[in-house]
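Take a look at the structure below.
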Amino acid sequence: MKKLSVLACAAIFLFISFSCKDDDKEKQYEYNMMNFFDEYLLTLCEASTRCTSGFVSTSNYKFCPDIIMNNPVPFEGFRKKENVLFRHKYEMMISGERMGWIKVDMNKAADCYDVIAKLDPCNPLDVQMLDIAECANVFSGTKFLKQECYQDEECDNGWCDLKGDRCPGNCVFYKEPGQECNSSLDRCSPGYICRSSGCSKASNGEPGDPCVTDDDCSSFLFCRKTGTDSIGNCFKRQGEGQACLEAKECVVGLECVNNVCTRSRISDQVGAPCGPQEGEGEEEVVLSCNIFSKLECGVANTCQKLSNQPNTPCTSMCDKTLYCDNNYHVCQYQGDVGKPCTQNAQCVTMYCYNNVCASPECLTIEE
């Protein structure tokens with residue numbers, strides 16, 4: 001009898017142990033936002049290395065995720081025509097998940113990664129993640145019509161109306177495919193855009209997609225029309241040495257010089273000249289340094305490495321965990337939430353509110 005009791009207790013112990021392990025496993029994967037972004041940035045940066053005239057290469061792509069995440073300059077990393085700090089939006093997405101306002105479906109994330117891996121962008125800063133339906137569909141909101149919200153992803157089958165700098169805003173339903181819409185008032189469901197004919201299919205980033213304007217194509221594509229046709233097709237921007245008629249036909253960062261896309265104005269070498277230069281037979285030329293090689297233009301108008309040490313010189317940006325002090329132009333450590341600040345870059349969260357580092361609530365969109 002005693003033996004049976006011991007066996008029973010052992011069985012119960014094993015059951016509880018396995019149950020706890022299952023619970024731990026569920027808790028481990030309860031929050032997936034960080035996992036999603038880690039894999040997304042790696043996929044995006046690796047895809048960018050395939051562009052032979054791009055800015056990310058096999059020698060510098062390991063820096064790429066940090067450069068995107070900690071870029072102190074707003075850019076269209078999430079939606080076209082929405083210039084925001086990438087870290088700012090990232091922190092808001094994590095906060096929304098922790099509050100239970102956003103859920104992340106890692107099974108759907110695989111579809112997003114597949115699309116990103118096939119895009120082959122020459123500059124990863126040109127990709128608007130949430131304008132790609134497969135990526136937008138990874139997130140689902142738990143808030144319903146007219147409920148308060150801080151970002152689109154919190155709303156169930158809708159978006160967050162923050163017009164007029166309201167914070168918080170209110171959830172509004174998407175217009176569905178085929179429905180009439182007003183481009184200044186409405187939004188169509190992911191993968192569709194508002195045109196005069198209503199909500200119609202948007203470009204998914206593939207060359208050959210139909211378009212009316214360049215806005216219908218991903219940033220690393222442009223819309224080419226033939227003759228008087230009102231509808232054209234999306235074409236991939238041209239790389240270094242390829243023919244062009246105007247700047248929009250070249251990869252962002254390249255110039256169309258004498259009908260040829262050229263990268264001669266962007267350097268990957270420490271000590272290379274940068275900044276305003278006298279051009280040959282043309283007006284002043286501005287040379288740049290490749291940020292994805294962790295380079296910036298120094299005060300001596302030569303490319304220098306981003307510093308990873310405090311109290312070292314900088315002009316606009318430092319390596320991760322550091323920021324460039326605007327007053328003294330030296331690198332300093334970023335502060336955690338609660339630390340005093342005067343600019344966003346001083347904070348790990350990239351958000352300074354009332355002179356204190358804080359977790360962002362609403363996005364600041366720059367024109």
Selected residue [part of a loop (DSSP other than H, G, I, E, B) and more than 30 Å from Met99 (Cβ to Cβ)] from Cys318, Cys362: Cys318
Subset of region 333-354 (residues that are farther than 15 Å from Glu91 by Cβ and under 25 Å from the mean Cα position of the chain (by Cα)): Tyr333, Thr342, Gln343
Some residue of region 50-63 being touching a Pro at 6+ places or on another chain (Cβ under 9 Å), under 26 Å from Cys318 (Cα atoms) and at pLDDT 95 or above: no
Residue in region 238-256 that is touching a Leu at 6+ places or on another chain (Cβ under 9 Å), under 25 Å from Asn70 (Cα atoms) and surrounded by fewer than 16 Cβ atoms within 10 Å (Cβ to Cβ) present: no
Matching residues, region 205-242, being closer than 22 Å to Met129 by Cβ, in a loop (DSSP other than H, G, I, E, B) and of a type in the set (A, V, I, L, M, F, W, C): Cys217, Phe220
All positions within region 31-49 that are modelled with pLDDT under 95 and in contact with a Pro (Cβ under 6 Å, 6 or more places away or on another chain): Ser48
Residue match in region 49-61 (condition: in a loop (DSSP other than H, G, I, E, B), β-branched (Val, Ile, Thr) and without any contact (Cβ under 8 Å) to a residue 24 or more places away in the chain): yes
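Out of Ala345, Ala358, report the one residue that is of a type in the set (Gly, Ala, Ser), within 29 Å of Glu154 (Cβ to Cβ) and either out of contact with any Pro (no Cβ under 6 Å at 6 or more places or on another chain) or surrounded by fewer than 18 Cβ atoms within 10 Å (Cβ to Cβ) (or both). So that I can check it myself, show each step before the final result.
On the way: Ala345 fails: either out of contact with any Pro (no Cβ under 6 Å at 6 or more places or on another chain) or surrounded by fewer than 18 Cβ atoms within 10 Å (Cβ to Cβ) (or both).
So the residue among Ala345, Ala358 that is of a type in the set (Gly, Ala, Ser), within 29 Å of Glu154 (Cβ to Cβ) and either out of contact with any Pro (no Cβ under 6 Å at 6 or more places or on another chain) or surrounded by fewer than 18 Cβ atoms within 10 Å (Cβ to Cβ) (or both) is Ala358.
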Residue within region 167-188 that is at pLDDT 90 or above, surrounded by fewer than 18 Cβ atoms within 10 Å (Cβ to Cβ) and among the aromatic types (Phe, Trp, Tyr) present: yes
Failed condition for Thr213, given (1) under 23 Å from Ser53 (Cβ atoms); (2) surrounded by fewer than 21 Cβ atoms within 10 Å (Cβ to Cβ): (1)
Val104 among the aliphatic types (A, V, I, L, M), farther than 15 Å from Leu41 by Cα, in contact (Cβ under 8 Å) with a residue 60 or more places away in the chain and out of contact with any Cys (no Cβ under 8 Å at 6 or more places or on another chain): yes
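Suppose we keep only residues that are among the small types (Gly, Ala, Ser) and modelled with pLDDT of 85 or more within region 218-248. Which one would you say is farthest from Ser197 (Cα to Cα)?
Residues of region 218-248 that are among the small types (Gly, Ala, Ser), as a first pass: 218-219, 227, 230, 232, 239, 241, 243, 247.
With modelled with pLDDT of 85 or more added as a condition, the list becomes 232, 243.
On the way: Gly232: 16, Ala243: 35 Å.
Here the residue is Ala243.
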Pairs, first within 20 Å of Asp105 (Cβ to Cβ) in region 137-153, second in a strand (DSSP E or B) and of a type in the set (D, E, K, R), C-beta under 9 Å, six or more apart: Phe139/Lys103; Ser140/Lys103; Gly141/Lys103; Thr142/Lys103; Cys149/Lys143; Cys149/Asp161; Asp152/Arg79
Count of residues meeting criterion [assigned to a loop (DSSP other than H, G, I, E, B), out of contact with any helix residue (DSSP H, G or I) (no Cβ under 7 Å at 6 or more places or on another chain) and among the hydrophobic types (A, V, I, L, M, F, W, C)] in region 123-152: 2
So Cys303, is it closer than 26 Å to Ser218 by Cα and either among the aromatic types (Phe, Trp, Tyr) or outside any loop (DSSP other than H, G, I, E, B) (or both): no
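The values are calculated or read from the model by the stated rules, or taken from the named source; none is laboratory data. Computed from a predicted structure; not experimentally measured. FYI the Cβ positions are ideal-geometry reconstructions off the backbone, even for glycines, and counts take in every protein chain you see.
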